[in-house]
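Colleague: Have a look at this one.
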Amino acid sequence: MWHQQTITLGAKARGFHLITDEVVSQIERLHEVQTGLMHLFIQHTSASLTLNENCDPTVRYDMEQHFMRTVPENAAYEHDYEGRDDMPGHIKSSLLGASLVLPVSRGRLLLGTWQGIWMGEHRIDGGQRRIVITLQGEIQA
């Protein structure tokens, strides 16, 4: 079985956001997959996806602070006509990545106890973000 759909996430503030529930609640056929994989791909060059801590929000805050220090907005970037946060957003997106592949079993994601899907919003006003979800696997009989 193959299933593909695109979901849209509402605009979020710059930072890292736990989006596991928001994503899973919109997947139309996840419950049918007995054994398989789910691929997530964010269709933007200034946002990212990663898997990390799903409980303590200070981890997301600390991650944002780390990236703000590591990839500062006030560096001398050539690409600056879309705003001072655009080029740093591209760099952060490349460092973290635009996709995730997650295992699925019995209609559920097989995440670790403390793992959750994060979206990194690297722009001040990034707007809505689209994620293409592709499921592949054996369906329940």
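Colleague: To the nearest 10 square angstrom, how much accessible area does Glu73 have with a 1.4 angstrom probe?
Modeller: Glu73 exposes around 20 Å² with every protein chain in place.
Colleague: Just to make sure I understand: if all protein chains stay in place, what is the order of Met1, Met119 by accessible area at 1.4 Å, largest first?
Modeller: Greatest to least solvent exposure: Met1, Met119.
Colleague: Once the other residues with Cβ under 14 Å from the Cβ of Glu82 are scored (Lys, Arg +1; Asp, Glu -1), what is the net sum?
Modeller: Computed value for this residue: -4.
Colleague: Here's a follow-up. Rank these by accessible area, largest first, 1.4 Å probe: Leu96, Leu135, Leu110.
Modeller: Of Leu96, Leu135, Leu110, the descending order of accessible area is Leu110, Leu96, Leu135.
Colleague: What does the charge count near Ala11 come to, summing +1 for each Lys or Arg and -1 for each Asp or Glu among other residues with Cβ under 11 Å from its Cβ?
Modeller: +2
Colleague: Right, here's the next one. Give the shape of segment 39-115 as rounded, prolate or oblate, defined through the alpha-carbon gyration tensor: a ≥ b ≥ c are the square roots of its eigenvalues, a/c under 1.5 means rounded, and otherwise the shape is prolate if a/b is larger than b/c and oblate if not.
Modeller: Note, shape of segment 39-115 comes out oblate.
Colleague: How tilted is helix 86-96 with respect to the longest principal axis of the chain? Cα atoms for both, answer in degrees (0 to 90, nearest 10).
Modeller: Its long axis makes an angle of about 40 degrees.
Colleague: Summing Lys, Arg as +1 and Asp, Glu as -1, what charge do residues with Cβ under 9 Å from the Cβ of Trp118 carry, Trp118 excluded?
Modeller: In short, 0.
Colleague: For segment 28-141, with the dipole built from +1 on Lys and Arg beta-carbon atoms and -1 on Asp and Glu ones, taken about the Cα centre, which of Val104, Gly120, Ala47 lies farthest toward the positive end?
Modeller: Among Val104, Gly120, Ala47, the one farthest towards the positive end of the dipole of segment 28-141 is Val104.
Colleague: Just to verify a number: what accessible area does Asp56 come out at with the full protein assembly present, 1.4 Å probe, Å² rounded to tens?
Modeller: Asp56 has an accessible surface of roughly 60 Å² with all protein chains in place.
Colleague: Keeping all protein chains in place, calculate the accessible area per residue for segment 1-138 (probe 1.4 angstrom), answer in Å².
Modeller: Accessible area per residue, segment 1-138: 53 Å².
Colleague: Then there is this: Starting from the Cα-Cα distance between Val132 and Asp62, subtract it from 0.36 nm times their residue separation and give me the gain in nm to one decimal.
Modeller: 22.4 nm
Colleague: Roughly speaking, what is the centre-to-centre gap between segment 29-43 and segment 87-141 when only Cα atoms are used, to the nearest Å?
Modeller: Result: 11 Å between the Cα centres.
Colleague: Of Leu100, Leu40, which has the most accessible area with a 1.4 Å probe, and how do the rest follow in descending order?
Modeller: Leu100, Leu40
Colleague: Using a Gaussian network for the chain with springs between C-alpha atoms less than 10 Å apart, which of these wobbles most: Ala47, Ala98, Ala76?
Modeller: Of Ala47, Ala98, Ala76, the most mobile in the Gaussian network model is Ala76.
The values are calculated or read from the model by the stated rules, or taken from the named source; none is laboratory data. Please read these numbers as outputs of a predicted model, since none were measured by experiment. In this analysis, Cβ positions are derived from the backbone assuming ideal geometry, glycine residues included, and neighbour counts consider all displayed protein chains. Heads up: the accessible areas ignore ligands, DNA and RNA and are worked out on the full protein's heavy atoms, side chains in. Shrake-Rupley method; radii C 1.70, N 1.55, O 1.52, S 1.80 Å.
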